[in-house]
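For reference, the structure discussed in these notes is given below.
Read the figures in this text as sums done on the coordinates, not as results from a lab. Only a predicted model underlies this, so the values are computations on that prediction, with no experimental measurement involved. So basically every Cβ, Gly included, is an ideal-geometry build from the backbone, and we count neighbours across all protein chains shown.
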Amino acid sequence: MKDLFIIDAHAHTGFPNIFFSPEIDAQAMLRRMDQLQVNYSINLCSMRTLHGYQSIELEKAQQEFEESGGRIFYCGFYDPRRWEEDIEILKKAVSQAGFKGIKIHPSFNNTPADDEGYDPVWKIASDFDIPIVAHTWSVSSYNPSQVLSTPEKFEKYVKKYPGVRFVLGHSGGRGTGRFEAIRMVNEYENVYMDFGGDIYCYQYFENMERQVPENKILFGTDYPWMDLRSHLTRVFLADISTSFKRKILRDNALEVYKLEG
């Protein structure tokens, strides 16, 4: 495989905020992408975006998209606590060439995923035919806010907006969250999952090949929180079919984010 091929559908640029990372900017991401044959990355959001600096960060993300030669796409962000401001920003951003979706994070925003405050973002995603990717996880004793983002809480809007392509970021995490994610990607045509983050379960992909449709799982890393090489190795060494690996590493992201191959 000599040409750039892989799509990282769950990445970030910017300082992670809670720990040191030597690779936080678009230039570092591009170097790593070239090294590992990653063609495109989807920059879901930066920490500054989460803290309310969306307009500035979207301008920066569009600049990074252009300077990368169209290889680092990006998503907008929606916080239901400032819904009017974010909706106006997103309506302007959808016309930008690098804009490919919307990220939501109920745990960070302290608002459960089934709250009425999320309806405006699902509507705008439906109106403009763009995907939503959400932080999802299992109930956690050491991180109580994760209960706001368990996969089944998104089901209300998955049913209401069946035309919106919806990605369960982190595949529901571990334990019951993952079981719920698996159920949802099997039950709903518009639901997908990515495995970005620190999810290193034994025979993860071997089990996924048996449990989910091959077009429903996307490669993601959570870079720079996690090293791309660790997740690539997991896929390359997994005892799964070549066609499933291709779907995971490239084809499914092309479909969800409507990218050109």
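Mind checking Rg over Rh on region 29-135, alpha carbons, Kirkwood formula for Rh?
Details: Rg = 13.9 Å, Rh = 14.2 Å.
A ratio of 0.98.
Could you sort the peptides 125-133, 191-199 by per-residue average Cβ neighbour count (10 Å cutoff), highest mean leading? Before the final figure, lay out each step's value.
Numbers: 125-133: 19.6, 191-199: 23.6.
My ranking of the peptides, most packed first, is 191-199, 125-133.
How many percent of DSSP beta bridges within the chain run antiparallel, rounded to 5?
Details: 0 of 25 bridges.
Approximately 0 percent, going by the DSSP bridge assignments.
What number, rounded to the nearest 500 deg cm²/dmol, is the helix-based mean residue ellipticity at 222 nm of the chain, given -39500 (n - 2.57) per DSSP H run of at least four residues and division by all its residues? Don't jump to the answer; show the numbers that get you there.
Values: 12 runs with 100 residues, N = 261.
The per-residue figure over the chain is -10500 deg cm²/dmol.
Using modelled backbone amide H atoms (1.01 Å from N, in-plane), which distant-in-sequence or interchain residues come within less than 5 Å of TYR223's amide H?
When sequence neighbours closer than 5 places are left aside, the close amide H contacts are HIS12.
What list of ³J(HN,Hα) values in whole Hz, one per residue of region 71-84 in order, does the Karplus curve 6.51 cos²θ - 1.76 cosθ + 1.60 (θ = phi - 60°) give from phi, with Gly and Pro shown as x?
After applying 6.51 cos²θ - 1.76 cosθ + 1.60, I find 10, 10, 7, 8, 10, x, 9, 10, 10, x, 6, 10, 4, 5 Hz.
Let me have the relative contact order for the chain, percent, based on Cα pairs under 8 Å that are six or more residues apart.
Working: 489 pairs, mean separation 45.5, N = 261.
Computed value for the chain: 17 percent relative contact order.
From the residues GLN35, LEU249, THR233, which one has its Cα farthest along the dipole of the chain in the positive direction, the dipole being from +1 and -1 charges on Cβ of Lys/Arg and Asp/Glu about the Cα centre?
It is THR233, whose Cα lies furthest towards the positive end.
Across region 171-181, in residue order, what do the Karplus-derived ³J(HN,Hα) couplings come to in whole Hz, using 6.51 cos²θ - 1.76 cosθ + 1.60 with θ = phi - 60° and x for Gly and Pro?
6, x, x, 10, x, 5, x, 5, 4, 5, 4
Provide the packing ranking of 74-80, 30-36, 160-166, i.e. peptides ordered by the mean count of other C-beta atoms within 10 Å per residue, highest first. List each step's numbers first, then the result.
On the way: 74-80: 25.6, 30-36: 15.6, 160-166: 17.1.
Ranking the peptides 74-80, 30-36, 160-166 by packing returns 74-80, 160-166, 30-36.
Over 18 Å between Cα atoms, which of LYS123/LYS160; LYS91/LYS216; LYS91/LYS160; LYS153/LYS258; LYS92/LYS160 qualify? Mind dumping the intermediate values first?
Details: LYS123/LYS160 10 Å; LYS91/LYS216 28 Å; LYS91/LYS160 21 Å; LYS153/LYS258 26 Å; LYS92/LYS160 24 Å.
Over 18 Å Cα-Cα: LYS91/LYS216; LYS91/LYS160; LYS153/LYS258; LYS92/LYS160.
P(r) for the chain, please, calculated from all Cα pair distances in 10 Å bins and given in %.
P(r) over the chain, rounded to whole percents: 7, 34, 39, 19, 1.
If you place +1 on the Cβ of every Lys and Arg and -1 on the Cβ of every Asp and Glu, how big does the dipole about the Cα centre of region 6-257 come out, in debye to the nearest 20? Mind dumping the intermediate values first?
Working: 28 positive and 35 negative charges, 80 e Å.
About 380 debye.
Whole percent per 5 Å bin, from 0 to the bin with the longest distance: what is P(r) over all C-alpha pairs of region 23-90?
4, 17, 27, 22, 13, 10, 6, 2, 0
Quick one: the Cα spread of region 83-230 along its three principal axes, in angstroms, biggest first?
Result, largest extent first: 43, 33, 32 Å.
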